[in-house]
Amino acid sequence: MDVVSWVVSLGLGEYAQAFRENDIDAAMLPRLTGEDLVALGVKSVGHRRKLFDAIAALAEKTGAAPPAASLAKPTAPELPTEQAVVRRVERRQLTVMFVDLAGSTKLSQQLDPEDMREVILAYQQAVSREIARYEGSVAKLMGDGVLAYFGWPRAHEDDAERAVLAGLAAASATAGLRAPSGKPLAARVGIATGLVVVGDLIGEGAAQEEAVVGDTPNLAARLQALAQPGCVVVSESTRRLLGGVFEVEKLSSIELKGISGPVSPFLVLQERAVETRYDARVSSAPQILVGRDLELRLALERWEQAKRGEGQLVLLSGEAGIGKSKITRALIDVVSRGGYARLVYQCSPYYSGTPLYPAIQQLRHAIGIAEADGDGEKLRALERARGPECRSLPFLASMLDVPNPQSDALEGLSPQQLRARTLDALLNDVLDAAALQPLLFVVEDIHWIDATTLEFLDQCVDRIQNARVMMMVTTRPTFEHGFGGHPIVTKLALNRLGREQTTSLIEKLAGEKRLPSILVDKIIATTDGVPLFIEELTKSVLEIHDFDRATVFDDQGRLIDLDIPLTLHDSLMARLDRLQPVKEVAQAAACIGREFRYELLRSVTPLSAAALEDALDKLVEAELVFRRGRDSDARYTFKHALVRDAAYHSMLKTVRQDMHSRLADKLISEMNVESELVAHHLMAARRYREAAECFRQAGRAAAARYANPEAVAHFALALEALRAATKTGDTNELELDVRVEMGVPLNASAGYASEKVEANFLRAEELCRSTGRTSNLFFVRRSLWNFYLDRPELQRSRHLAQQLLVDASLGENPEETTLAHRALATSYLYLGAIEDAAREAQAGIDTWATSDKDFDVAKYGEDALSICRTYLGLAQLLAAKVETGLANCVSAVATAERLDHPLNLAFTLMNLGVARRFRNEPAECRQIAERMLFLADERKLAFWSGGARALLGWAIGAETPDEGLNMVREGVNRWRSTGAELHLPHFYSSMADICLRHGRIEEGLEAIANAMEVMDKTDERWAQAEVERIQGCLVAKTDVNRGMELLANACDTAIRQRARWLAVRAATELVNISANSDQGVRPEHRKLLQIGDVTEGFETAVIREAARILRSTTLDSNPSTEQSEEQTDWAATQN
């Protein structure tokens, strides 16, 4: 290794000559002592510390002994050397800077090699010094090229900003160098930010370096080649991270060799002159402040006190991103509405060792001078701002390092005296300003303050008690200086936002866009109430322009993962990198999850118990994790989900995979561990076949609890695992098992007519054939029948039901035979073949009557016996056996209640509700619908939730039409969202019936038109006579004759379908309308009402109304003779 180049790379080039002259080589480095370094001229303790740290890092890489120095690093928790080296390789967002000496080739041709060496060495020292100043890392010195990383081996929250500042400084420093000819040198700088893998050691000796794999270094090099001498060019990703900190100029897009797609580079012009870092980073759009009313109100109260001459200091503390600067800006906005003066100090992480840096920068900003301005221009600006006779002028000019006519006032002052007089001058400026008008003195980020400025602030606190000054000081919790507990100090700690406040902030950020509630919940859970996290994650989500299912959910129906925004990555990694080497423990814990147990972590880390506990203590002290309990029972939680994500994703995939595999093995060895948790780790370990089996077990357990959405999610993950697994006959059989077991929960949660249901069972049917597992074919095809029924493709469903019956008759399985009769009965009913439906339903009941056990409801998702009974009941009701039919529907519900399967119970309640609807009994229908709705929503039965609302809407609509219609519409929308179209004529007729009751003719006819359209499209005819009845009544309100024609058609339809109950209802309306018309009751209409085979339901409202109409029309036509005939007719129907 070339030690001289190594020293230069550390930014310590001033010592390079001493190392060379004293023959310090790579072998000597580990043996250097503090005394040796002093002898070499390294007098600065900080520089000696930096050298020892660097030597220790070299020892760690090479396995050599650590430096023999009293200043060596404290001993870290032990890891095997090989493991330590592997763990240093990480996935990172890295900002890479490439610096090139312009014209170096031509220069090398003109100069003697030794002279060229001196030029190169001076250039490398200058550039490396600026890189080190901004805490970057020199990765490689390549003669005229310097490669540097910002964000490795330690990240900072502002690495992109540091890289650009270093690039500008490196270009400026190079410009200050001269070739032997006297011509100034120039550097070109390219900077890019992106995802890389970093940390692998490649090469040997002087050529050894930590390699970076990814496009980013190549892009930085290409951007450097685009730059003009003395200029800095950055990538689009870097520019996004800079906010408004720099003034930039967009260059033309260009295709670069080795880079896919066009590149949009930006030329950095200069650092933007702003009061605070916050001003530089925020956009010009109005800033949103949510959930800080209390804090802002308190700050304003202190401002009012200050205005009365009671000086105040508000110390506003909170973690990064919590909103300190926003509150300060809001305070400034409020107080600026009245007369006031403002003084703003912005502390900097780059200049915490520079005395009075915030005061100097504030003065520069206030008087409007730039670094490049000449001394004369700076002095004139200062005199214009302060006046040439200002008593503070010589001290302010000294701060700016500007000579002035009053500089003789400084003669004879010792450095200590000059310092004291300068602080007095600054303090007098504060008090003089406050004497003219109230002064708001803002100090931002005091945790980065230099010692001299802090001393000045202490003096201010002592002197402003009776002045019109309010100091607003922002800090992070690490700053412990409390200003001596002074009585004018108010400490205000900012907490994280609550759920309601977070939701409000997300909504305001989204503006007119409405994010799906499930996505809002995900953002809330991920950001933990930190406003900066909320804003950046929401903004990254808003970059997706259309929030449909395709952008919110993946192919498996799961919510998309929310990637860490580019703007937060460096900040999150900085929190972790501050805790080297215990960061590796955080990474291991991150593989377990946001919450982790001590014992589980202990089982997968090579650390000793003592070392692990020490590492966890450090994580707790740093507030990266919270702890509950102690010792082996301790449980830990990452404070921020995003910090956990950053730790996890910084690990190499192969390392994560190995960790997950060990975690899975440990969990498998434990008792009573949830299969889902084991499956998660197996999946991440790429042990896909085992993961599929565990997810299947989790799905079965959820299905047994009727947790249908959860069961479907587990089964879907099992299928995903199988898709990734190596394909074998065994995996196909397992896939078939998963698809069959997923069937019932999928029907329940997605709805029978969901396209997911069809896709699942078509694939299952294919697997039945390919694996030879024909025993599953009946179940699969019966599920497909259900899908086609509810779409509805009724003729197709009837043919499939007939085939099911044929297939079932070939075996000796009464369950399958009963299910086949049930399927055929249902298809017949909805096609309007009422008698055929009743026959098949009764056949199903008779088939199962020979069994002495309950139906396997869990397997099929229904009890075929109770479903046959409920459809028999509906068919009987439509055929005017209304009491027998109702009794069968009630009996079916009772059976379903005993079996206690939610899906089966919802089914029977639906048909009982339909029976009450067709009996025209709103109150009874409402009771059933409300019960069904509670069940469907509680169990997340989407299909039945829609049906319950449609029934409930009809019942409610009898008294409150608007509420009822809205409820039916909501029910129809929910029903159709599952893919179902069955029952729509019935639902639309319910809407029309509500409209008829309340005289809303046009609205009712619109609903009827919808019903007719669906019937023509699907051939669903069971409710056709009811639709035509309501249509006739509506039309008759404006056209009696046409209305009666339609009612007569309804009667004909009902008679043709053997739906005698519907014929009674239609005939009742027809006779009633004709009786009230100018034409009177026609004999043929009255004859339709006299249906002799109605034997039940004489106490129902329908029959009572029919009897009343028949009686009144008989009296009107012949009081003496017709009455006895009418009585005879109805008496006959009762025998």
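Cβ-Cβ distances below 7 Å connect the following pairs, each with a first residue in the stretch 893-917 that is touching a residue at least 40 places away in the same chain (Cβ under 8 Å) and within 17 Å of LEU941 (Cα to Cα), a second residue that is of a type in the set (Lys, Arg) and surrounded by fewer than 24 Cβ atoms within 10 Å (Cβ to Cβ), and a separation of six or more residues or different chains: PRO902/ARG939.
Going through (1) in contact with a helix residue (DSSP H, G or I) (Cβ under 7 Å, 6 or more places away or on another chain); (2) modelled with pLDDT under 85; (3) under 24 Å from ASP462 (Cα atoms) one by one, ARG391 falls short only on (1). Here is the figure for the stretch 18-40: residues that are modelled with pLDDT of 75 or more and not acidic (Asp, Glu) total 12.
Restricted to helices (runs of 4 or more DSSP H) entirely inside the stretch 279-396, those with at least 1 residues that are touching a Phe, Trp or Tyr at 6+ places or on another chain (Cβ under 7 Å) are 324-335, 357-367.
Those strands (runs of 3 or more DSSP E) of the stretch 154-269 in which 1 or more residues are in contact with a strand residue (DSSP E or B) (Cβ under 6 Å, 6 or more places away or on another chain), in the same structural domain as LEU141 (by TED's automatic domain parsing) and among the basic types (Lys, Arg) occupy 187-202, 246-250. Output the residues belonging to the stretch 976-1026 that are within 22 Å of PRO961 (Cα to Cα), among the polar types (S, T, N, Q) and buried (at least 23 other Cβ atoms within 10 Å of the Cβ). Matches in the stretch 976-1026: SER989, SER990. Taking the condition buried (at least 24 other Cβ atoms within 10 Å of the Cβ), part of a strand (DSSP E or B), in the same structural domain as GLN93 (by TED's automatic domain parsing) and in contact (Cβ under 8 Å) with a residue 24 or more places away in the chain, does VAL146 pass? Yes. For the stretch 166-187, the tally of residues that are farther than 15 Å from PHE98 by Cβ and surrounded by 22 or more Cβ atoms within 10 Å (Cβ to Cβ) stands at 1.
Note on the stretch 703-713: residues that are over 24 Å from the mean Cα position of the chain (by Cα) and either surrounded by fewer than 21 Cβ atoms within 10 Å (Cβ to Cβ) or outside any helix (DSSP H, G or I) (or both) total 3. Give the residues of the stretch 1043-1058 that are in contact with a helix residue (DSSP H, G or I) (Cβ under 7 Å, 6 or more places away or on another chain) and of a type in the set (Lys, Arg), sorted by residue number. Result: ARG1058, single match.
Summed over the stretch 631-657, residues that are surrounded by fewer than 14 Cβ atoms within 10 Å (Cβ to Cβ), on the phi < 0 side of the Ramachandran plot and in contact with a Phe, Trp or Tyr (Cβ under 9 Å, 6 or more places away or on another chain) total 2.
How many residues does the stretch 426-459 hold that are farther than 18 Å from LEU313 by Cα, buried (at least 19 other Cβ atoms within 10 Å of the Cβ) and of a type in the set (A, V, I, L, M)? Selection size over the stretch 426-459: 0.
ARG839 satisfies every condition listed in (1) assigned to a loop (DSSP other than H, G, I, E, B); (2) modelled with pLDDT of 95 or more; (3) of a type in the set (Lys, Arg) except (1). Scan the stretch 43-60 for residues that are surrounded by fewer than 17 Cβ atoms within 10 Å (Cβ to Cβ), modelled with pLDDT of 65 or more and either assigned to a loop (DSSP other than H, G, I, E, B) or more than 44 Å from the chain's Cα centre (by Cα) (or both) and the total you get is 1.
Just one of the listed residues (ALA590, ALA622) is at pLDDT 90 or above and aliphatic (A, V, I, L, M), namely ALA590. Scanning the stretch 448-496 for residues that are in contact with a Cys (Cβ under 7 Å, 6 or more places away or on another chain) and either farther than 28 Å from PHE533 by Cα or assigned to a strand (DSSP E or B) (or both) gives a single hit, MET471. Exactly one residue out of SER336, SER348, SER392 is surrounded by 13 or more Cβ atoms within 10 Å (Cβ to Cβ), of a type in the set (Gly, Ala, Ser) and under 53 Å from the mean Cα position of the chain (by Cα), and it is SER348. One residue is enough: does the stretch 342-355 have a residue meeting the conditions under 26 Å from LEU269 (Cβ atoms) and of a type in the set (Lys, Arg)? Among the residues of the stretch 342-355, not one is under 26 Å from LEU269 (Cβ atoms) and of a type in the set (Lys, Arg), which makes the answer no. Where strands (runs of 3 or more DSSP E) sit wholly within the stretch 585-642, those with at least 1 residues that are in contact (Cβ under 8 Å) with a residue 24 or more places away in the chain and in contact with a Leu (Cβ under 9 Å, 6 or more places away or on another chain) occupy 625-628, 635-638.
Within the set of pairs 6 or more residues apart or between chains, which connect a residue that is of a type in the set (Ser, Thr, Tyr) inside the stretch 671-686 to a residue that is part of a helix (DSSP H, G or I) with Cβ atoms less than 8 Å apart? Note: pairs meeting the criteria are SER675/CYS694; SER675/PHE695; SER675/GLN697; SER675/ALA698; SER675/ALA701. Just one of the numbered conditions (1) assigned to a helix (DSSP H, G or I); (2) without any contact (Cβ under 8 Å) to a residue 40 or more places away in the chain; (3) more than 23 Å from LYS1017 (Cβ to Cβ) is not true of PHE779: (2).
Going by the structure shown, is ARG1058 in the same structural domain as ARG1111 (by TED's automatic domain parsing), assigned to a loop (DSSP other than H, G, I, E, B) and touching a residue at least 24 places away in the same chain (Cβ under 8 Å)? Yes, satisfied. Pairing residues of the stretch 946-958 that are over 9 Å from ARG926 (Cβ atoms) with residues that are among the hydrophobic types (A, V, I, L, M, F, W, C) and assigned to a loop (DSSP other than H, G, I, E, B), at Cβ distances under 8 Å and at least 6 apart in sequence or on separate chains, gives GLY946/ALA980. On inspection, LYS859 fails the criterion of being outside any helix (DSSP H, G or I), at pLDDT below 95 and either at positive phi or surrounded by fewer than 23 Cβ atoms within 10 Å (Cβ to Cβ) (or both). For the condition part of a helix (DSSP H, G or I) and in contact (Cβ under 8 Å) with a residue 60 or more places away in the chain, ARG662 does not qualify.
Inside the stretch 805-836, residues that are within 46 Å of the chain's Cα centre (by Cα) and on the phi > 0 side of the Ramachandran plot make up a count of 0. Residue selection: GLU765 fails the criterion of being more than 28 Å from ALA906 (Cα to Cα), surrounded by fewer than 20 Cβ atoms within 10 Å (Cβ to Cβ) and charged (D, E, K, R).
The values are calculated or read from the model by the stated rules, or taken from the named source; none is laboratory data. Since we're looking at a predicted model, the values are computed, not measured. Heads up, the Cβs are rebuilt from the backbone with ideal geometry, glycines too, and the neighbour counts pull from every protein chain shown.
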